[in-house]
Amino acid sequence: MDAGLGVVLAAVDAELHDLDATGQAELVSRGEIKALELVEHAIERIERLNPQVNAVIHPLFDKALDAAASGPPTGPFGGVPMVVKDLDGHTAGDRFHCGMRFLKELDWTEPDDSYSHAKLRDAGFVFVGKTNCPELGLIPTTEPEAYGPTHNPWKLGYSPGGSSGGTAAAVASRMVAAGTAGDGGGSIRVPASECGLVGLKPTRGRVSLGPDQGEAWHGFVVRGALTRSVRDCAGLLDAMSGAMPGDPYSAPPFARPLVDEVGADPGSLKIGLRTSAFGNATPTDPSCAAAAEGTAKLLEELGHRVEEASPAELDDQVLPAHIVAVIATWTRYELDFWSAKTGKRITEADVEPGTWSFAEMAASITGLQYVNAIESIHLAARRGATWWNDFDLLLTPTIPESPPPHGEWVPTEDNPLRGLMKSSAIVNLVAPFNVTGQPAISVPSTIHDGLPIGVQLVAAYGREDLLIRIASQIETARPWAQETPVVY
C-alpha cells in the first residue's frame, strides 16, 4: 500500500463503511483512496461479519481484487464494491444457484453477465460476492435448505426478509454500501423494511431482464437494488435502467437522471394513507400502523395533504388467488426449464417441499384458467390505476408485522405450503403493485423491539422521480443513516 494513501486509509477506515456508494465513489475520484483499498476494506468486513449473518454465499474476492487493480476506475461508481443477489440475474463465470440445492450440487455457473449486471460493471461497480436467497425467490424470508438462513443483522435469529434478504443483510451490516435485488411480490421492499434500508421497486419494464428473460412471473418481477441512502437508490437505478434489444416492453424514459431528483422540491402532494391490509386479509401490528401514521404526520408537517384513502379495486378478495395461479404456473415452468437446461430431471427429492407443492398446484390450472387469471389481474390494475388521477401517492406500512423469527416458514409434513401461506400475509401490502407494475419504495421509519420498520410509498406508473423526491425529503427531515444494527 502507498504510504500516503495508507495514512489516508487509516484516517478514514473507521468511517469508510458508513459512507454510501456515492460517498465512496467520491473518495476514489478525488484520489483520496484507491479502488483496490476500498475493495480490500469490503472483503475484510465480509470475512469478519459474514459468519454471523450468512449473507454472502459465493465470495468473488480474487476477481474483485483483479478488477480493482486493473486500471483507473471509470463510471459514476468507479471502484465501489457491491454484492449481487444469487437469483435476479447472473455474472460471467460465477456460480448461479437461485437458492436451489439442485443447482448447488451441480455447481452451476453462467458464462456471461445479465444486461443489468453488465450495466453496473460499466458504471464502475466491483462485484465482491453473491448473496443468499430463498429457493427460486418464492417466499419473503431467506432460509434456503441449500445455504441455511441469513440472519437479520439488527437481531440475530430473525428474518432479514426475502427474497433479497442476503443482499439486505450485507448492506445493513455495512459489508458493502449497495447490492442488487429483485422484486416479484415485495422482494426488494420487504427486506428494505426489515433491515432499515431504502428499497425501490421500479416500474415494470424499467430494468431489462435480458438476455435470458423477457419477463418473469408474467411481468410481476422487476430488478433493482438495496441501499442505505436515497441518492444511491437513484444512482443505481439510473445505471441499471433502459430498454435493451428484444425486451417485450419498456417503461417510459425519465425526463432527467433520477439523481437530479434527489433534493428536488416535490411540491405539495395529495397522499392517501392506508394502514389495514388489503381485503382485511391479515391484522396489522400496531407498531407497523404507527410507523405509517407517524410518517403521515411528518408529511403533513412538510406541507403535504394526507387523508385515509386507497384504491378499492385492491381489496378484491379474488385477486390473491389469481396471483397464486400465475406464480404456481411459473414455478412449474422454472423447474422444467432447469431440468432441460441442466439435462437432469428435477424430482420431488431435488427441491424443498414448499417449492414442489407449489409447482404441483400448476397441474390443476388449465390454460383457460391461467388466461382468466391474467385478464382479471389486468382489469384490477387498470381500474386501480385511476385512483392516482386524484392522488399523487399512497402511503402504507411496508409489511403488516415486524420482522418474524426464523422458522415460521418451515413446511411440515401435513402442511408443505406453510411457508407460502405465511408469505401471503407478509406481502399483502406490497404484492399488488407487482401486479399493477407501478413503482413503490420502502424507506426506514422507526425501530421497534430492536428491529426496523419501514413504510411504503406508491406512485403512478413511471413516476419513480416523484418517489425519489419525497423519499429524499423524508430522509432529510428524519435521517436514518446514523442508526446501526447489532452486527456492525
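What to note about this one:
- Residues (under 22 Å from D315 (Cβ atoms), of a type outside the set (A, V, I, L, M) and crowded, with 16+ Cβ neighbours inside 10 Å) located in the stretch 267-292: G272, R274, T275, S276, F278, T282, T284, D285, C288
- Residue count, the stretch 317-363 (criterion: polar (S, T, N, Q), modelled with pLDDT of 95 or more and more than 17 Å from P134 (Cα to Cα)): 4
- Residue count for the stretch 461-473, restricted to those that are surrounded by fewer than 21 Cβ atoms within 10 Å (Cβ to Cβ) and either over 20 Å from M240 (Cβ atoms) or among the small types (G, A, S) (or both): 1
- Selection from the stretch 293-311 of residues that are open to solvent by 70 Å² or more (accessible area, probe 1.4 Å) and part of a helix (DSSP H, G or I): E293, K297, E300, E301
- Across the stretch 344-380, the number of residues qualifying as in contact (Cβ under 8 Å) with a residue 60 or more places away in the chain, over 16 Å from L136 (Cβ atoms) and among the small types (G, A, S) comes to 1.
- For the residues G354, G343, the requirement of being touching a Pro at 6+ places or on another chain (Cβ under 6 Å) and farther than 30 Å from G267 by Cβ singles out G354.
- Selection within the stretch 350-369 - open to solvent by 60 Å² or more (accessible area, probe 1.4 Å) and outside any helix (DSSP H, G or I): T366
- Long-range neighbours under 6 Å by Cβ, at least six apart or interchain, first residue touching a residue at least 60 places away in the same chain (Cβ under 8 Å) within the stretch 264-286, second aromatic (F, W, Y) and in a loop (DSSP other than H, G, I, E, B): K270/F391; G272/F391
- Given (1) buried (at least 22 other Cβ atoms within 10 Å of the Cβ); (2) touching an Asp or Glu at 6+ places or on another chain (Cβ under 9 Å), number of the condition H41 does not satisfy: (1)
- Checked against the criterion of being touching a residue at least 60 places away in the same chain (Cβ under 8 Å) and farther than 18 Å from G224 by Cβ, the stretch 462-475 contains one or more residues that satisfy it.
- Positions within the stretch 385-423 being out of contact with any Ser or Thr (no Cβ under 7 Å at 6 or more places or on another chain) and of a type in the set (G, A, S), in sequence order: G407, G419, S423
- Hey, L236 open to solvent by less than 10 Å² (accessible area, probe 1.4 Å) and farther than 27 Å from I374 by Cβ or not: yes
- Any hit, the stretch 381-393, residues being in contact (Cβ under 8 Å) with a residue 24 or more places away in the chain and under 30 Å from G450 (Cα atoms): yes
- Residue match in the stretch 408-428 (condition: of a type outside the set (G, A, S), open to solvent by 50 Å² or more (accessible area, probe 1.4 Å) and part of a helix (DSSP H, G or I)): yes
- Selection over the stretch 277-305 of residues that are among the polar types (S, T, N, Q) and more than 16 Å from S193 (Cβ to Cβ) gives a count of 1.
- One residue stands out in the stretch 124-159 among those that are of a type in the set (F, W, Y) and assigned to a strand (DSSP E or B): the one that is most open to solvent (accessible area, probe 1.4 Å), namely Y158.
- Among the residues of the stretch 330-349, the ones that are among the hydroxyl-bearing types (S, T, Y), within 13 Å of M361 (Cα to Cα) and open to solvent by 40 Å² or more (accessible area, probe 1.4 Å) come to 1 in all.
The values are calculated or read from the model by the stated rules, or taken from the named source; none is laboratory data. Since we're looking at a predicted model, the values are computed, not measured. Please note: Cβ atoms are built from the backbone with ideal geometry, for glycine as well, and neighbour counts cover all protein chains shown. Surface accessibility is based on the protein's heavy atoms, side chains included, excluding ligands, DNA and RNA. Shrake-Rupley method; radii C 1.70, N 1.55, O 1.52, S 1.80 Å.
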